[in-house]
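One structure is given here, and the rest of the page talks about it.
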Amino acid sequence: YLDGKIVRANLVKAGPLLDRACTLGDGDACHRFATLLRESSTQEDADYAGRRQRAATLDQRGCELRSGGSCLTLAEFYWQGGAPSRARAESLFEDSCRMGVAEACHRLAGIRDNDQRLLLKACASGGFAECPELNPLAGQQ
């Protein structure tokens, strides 16, 4: 119901199913439901703040259940919070990178003075501007 690939997209039906899957321990379902809540609400909605808070709670659970996407989303949230939250953000970027999320490895490399090992890990999974410089042969494919 979420992406419309098998059945017609129906976000009203997708939400409760993702919520149930999250409750049963599917971290990626937690992240998909959190993303759905964030993307389907606007500041004009009466329950906007509640939906954003619920999304954060879902991503927290998703990260605990080893969803790299949830950890990345939380890391971005903490990073925007300023200095006291930056250490927590860096730890979450690291967790997400370990789970194979290329964007997290890329962000962590930037935080750590363009750590080449992290950039190479990011480039193995995603196309970032630095990748051709690190591996000139990759750009010739």
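The values are calculated or read from the model by the stated rules, or taken from the named source; none is laboratory data. Please read these numbers as outputs of a predicted model, since none were measured by experiment. Glycine also receives a Cβ, built like all others from the backbone with ideal geometry; neighbour counts cover every protein chain displayed. Each accessible area value is taken on the protein alone, full model and side chains, heavy atoms only, with ligands, DNA and RNA left out. Shrake-Rupley method; radii C 1.70, N 1.55, O 1.52, S 1.80 Å.
One line per residue, one yes/no per condition, for (1) open to solvent by less than 40 Å² (accessible area, probe 1.4 Å); (2) touching a helix residue (DSSP H, G or I) at 6+ places or on another chain (Cβ under 6 Å); (3) modelled with pLDDT of 90 or more:
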site: 69; (1), (2), (3): yes, yes, yes
site: 81; (1), (2), (3): no, no, no
site: 91; (1), (2), (3): no, no, yes
site: 125; (1), (2), (3): no, yes, no
site: 129; (1), (2), (3): no, no, no
site: 137; (1), (2), (3): no, no, no
Residue 53 being under 25 Å from residue 23 (Cβ atoms), open to solvent by 60 Å² or more (accessible area, probe 1.4 Å) and modelled with pLDDT under 95:
yes
Which residues, counting only those in the stretch 23-38, are within 17 Å of residue 52 (Cα to Cα) and either open to solvent by less than 40 Å² (accessible area, probe 1.4 Å) or in contact (Cβ under 8 Å) with a residue 40 or more places away in the chain (or both)?
29, 30, 31, 33, 34, 35, 36, 37
Filter the stretch 70-104 for residues that are touching a Gly at 6+ places or on another chain (Cβ under 7 Å) and not hydrophobic (A, V, I, L, M, F, W, C); which is nearest to residue 38 (Cα to Cα)?
70
Just checking, how many residues over the stretch 55-79 are farther than 24 Å from residue 130 by Cα and either part of a helix (DSSP H, G or I) or among the aliphatic types (A, V, I, L, M) (or both)?
15
Of the candidates 44, 64, the one satisfying the condition of being open to solvent by 40 Å² or more (accessible area, probe 1.4 Å), closer than 29 Å to residue 14 by Cβ, at pLDDT below 85 and out of contact with any helix residue (DSSP H, G or I) (no Cβ under 7 Å at 6 or more places or on another chain) is 44
Looking only at the stretch 100-115, decide whether some residue is open to solvent by 80 Å² or more (accessible area, probe 1.4 Å), out of contact with any Asp or Glu (no Cβ under 7 Å at 6 or more places or on another chain) and in a helix (DSSP H, G or I).
no
